[in-house]
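Everything on this sheet refers to the single structure shown next.
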Amino acid sequence: MLILLSDAFDPGLPEKLAKYGEVTDDKGRVADCEVVLIRSKTKVTKEYIDAAPNLKLVIRGGVGLDNVDLVYAKEKGIIVHNTAAASSIAVAELAFALMIAMPNHVTKGDASMKKGEWIKKQLKRTELYKKTLGILGMGRIGTEIGLRAKAFGMNVIAYDPFVHHHNVAEMKKDIKDVLPESDYISLNMPLTDDTKGIISKDTLAMCKDGAYIVNTGRGKCVVEEDVVAALESGKLAGYGNDVWYSDPPENSPLVNAPNVIAIPHIGASTKENLLRIGDIIDQLIGEYVNK
Ligand code: NAD
């Protein structure tokens with residue numbers, strides 16, 4: 001059995017998987033591989049699948065499966081798994097890092113010091129304590145973010161069409177009930193036809209003046225130009241972003257918009273998470289081999 005590591009994983013993974021067969025990172029051997037391991041970079045499109053006639057199992061180290069043509073994979077009898085449970089803490093900690101950095105001017109203060117400036121008087125901070133966090137998508141990551149927000153003394157509300165009661169957040173019936181109440185908004189839903197562009201001119205208009213948005217979900221859940229306009233007008237006080245229309249972004253107007261903290265899609269990239277992902281991949285290949 002040939003296992004192709006098509007994206008970046010823990011360096012110890014090839015050794016861990018050697019018990020199942022040959023492990024390669026040579027993408028030129030895709031035609032011969034039975035198992036492909038991907039993260040977000042490799043796109044398992046119809047063309048990719050057609051170029052891999054021996055492919056039986058795709059494992060996405062991480063959560064989002066929007067880079068896999070699930071319908072065509074199913075048609076071809078290819079099993080697709082993700083490692084959904086592994087990444088929640090890693091992503092929640094990054095979302096929180098962004099949420100703390102913005103009102104504390106961490107990046108602005110740092111950049112100004114390095115330019116030899118002393119802007120102590122200009123940098124007015126605000127606290128998370130007693131502010132309201134609105135979470136859109138109260139799944140695994142949303143829950144971990146909510147737990148951390150509670151520890152900071154925040155009020156946590158959420159909207160999720162499939163979750164009606166939750167012990168961490170007060171669930172609202174509609175996104176329209178969350179946005180006007182939230183000082184911070186965290187995007188944690190998957191990219192679907194329903195969530196694509198969900199943060200747009202219309203929904204931004206419902207937000208509190210001076211709200212902050214943290215997006216560790218998917219770039220395409222927002223209309224970037226509308227977010228930029230809201231930042232330029234001051235409607236949004238800040239936008240902390242890990243996820244883009246493409247990796248890396250091509251000419252995204254968000255990168256240089258005011259009050260943006262831009263991060264290169266590293267939500268899942270903790271050392272601990274890569275180890276957890278490796279353990280789950282080992283287990284999934286073991287189950288596949290022994291089925
Ligand atoms: P999850 O499936 O546990 O939670 C997602 C939640 O979103 C679910 O509860 C679902 O019901 C809800 N949802 C679906 N449609 C919705 C809608 N229209 N409005 C509001 N909520 C909706 O997944 P998770 O592990 O919490 O991950 C969430 C997303 O985070 C993933 O789909 C992925 O896109 C993203 N993610 C990003 C990174 C990163 O590196 N930044 C890493 C992992 C996951």
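Rule-based calculations on the coordinates, nothing more; no lab input. All figures in this text were calculated on a predicted structure; none of them were measured in a lab. FYI the Cβ positions are ideal-geometry reconstructions off the backbone, even for glycines, and counts take in every protein chain you see.
Evaluate E = 1/(1 + (r/R0)^6) for residue 152 and residue 193, where r is the Cβ-Cβ distance and R0 equals 30 Å; express this FRET efficiency to the nearest 0.05. Before the final figure, lay out the partial values.
Details: r = 34 Å, r/R0 = 1.13.
Given R0 = 30 Å and the Cβ-Cβ separation, E is 0.30.
Just to be sure I follow the definition: excluding the sites themselves, where is the longest run in the chain that has none of the chymotrypsin sites (Phe, Trp or Tyr not before Pro) in a DSSP loop with at most 11 other Cβ atoms within 10 Å?
Formally, the longest exposed-site-free interval is 163-291.
Please rank 160, 194, fewest neighbouring Cβ atoms within 10 Å first, as an exposure proxy.
Listed from fewest to most nearby Cβ atoms, that is 194, 160.
Pick out, in residue order, every one of the GluC sites (Glu not before Pro) in segment 212-252 that is DSSP loop and has at most 14 other C-beta atoms within 10 Å; say none if there are none. Write out the running numbers ahead of the final one.
Values: sites: 224, 225, 232, 250; in loops: 250.
The qualifying sites are 250.
Could you compute the net charge surrounding residue 232? Neighbours are other residues with a C-beta less than 15 Å from the C-beta of residue 232; K and R count +1, D and E count -1.
Net charge around residue 232: -2.
Residue 18 to residue 113: FRET efficiency via 1/(1 + (r/R0)^6), r the Cβ-Cβ distance, R0 45 Å, to the nearest 0.05? Working shown, then result.
Numbers: r = 48 Å, r/R0 = 1.07.
With a Förster radius of 45 Å, E is 0.40.
If I take R0 = 41 Å and measure r between the Cβ atoms of residue 27 and residue 121 in this structure, what FRET efficiency does the formula 1/(1 + (r/R0)^6) give, to the nearest 0.05?
The calculated FRET efficiency here is 0.15.
Compute the length gained on full extension between residue 84 and residue 225: take 0.36 nm times their separation in residues and subtract their Cα-Cα distance, giving the result in nm to one decimal.
Numbers: separation 141, 0.36 × 141 = 50.76 nm, distance 3.06 nm.
Gain on stretching residue 84 to residue 225: 47.7 nm.
Which far-off residues, 5 or more places away or on another chain, put their amide H under 5 Å from the one on residue 214, with H placed in the peptide plane?
Distant-sequence amide H within range of residue 214: 185, 186, 187, 240.
Taking θ as phi - 60°, what are the ³J(HN,Hα) couplings along segment 188-200 by the Karplus curve (6.51, -1.76, 1.60), each to the nearest whole Hz, with x for Gly and Pro?
9, 9, x, 7, 9, 4, 6, 9, 4, x, 5, 9, 9
Please arrange 154, 206, 113, 99 by counting, for each residue, the other beta carbons lying within 10 Å of its beta carbon, fewest first.
Least to most surrounded, the residues fall as 113, 206, 154, 99.
Out of segment 56-131, which trypsin sites (Lys or Arg not before Pro) are coil in DSSP terms and have no more than 15 other C-beta atoms within 10 Å?
For trypsin sites (Lys or Arg not before Pro) across segment 56-131 that sit outside H, G, I, E and B with at most 15 neighbouring Cβ atoms in 10 Å, the list reads 56, 76, 115, 120, 121, 124, 125, 130.
Using modelled amide H (1.01 Å from N, peptide plane; none on Pro or chain starts), what sits under 5 Å from the amide H of residue 23, excluding residues fewer than 5 places away?
Long-range HN contacts for residue 23: 3.
Which of 106, 58, 36 moves the most in a Gaussian network model of the chain with Cα springs under 10 Å?
Looking only at 106, 58, 36, the largest GNM fluctuation is found for 106.
Using only alpha carbon pairs under 8 Å that are at least six residues apart, calculate the relative contact order of the chain and give it in whole percent.
On the way: 548 pairs, mean separation 44.0, N = 291.
Relative contact order, the chain: 15 percent.
Per residue and in Å³, how big is the convex hull formed by the alpha-carbon atoms of segment 8-51?
Considering the Cα atoms of segment 8-51, their hull volume per residue is 75 Å³.
In whole Hz, with x marking every Gly and Pro, tabulate ³J(HN,Hα) for segment 53-64 from phi via Karplus 6.51 cos²θ - 1.76 cosθ + 1.60, θ = phi - 60°.
For segment 53-64, the Karplus-derived couplings read x, 9, 5, 10, 9, 10, 10, 9, x, x, 10, x Hz, x marking Gly and Pro.
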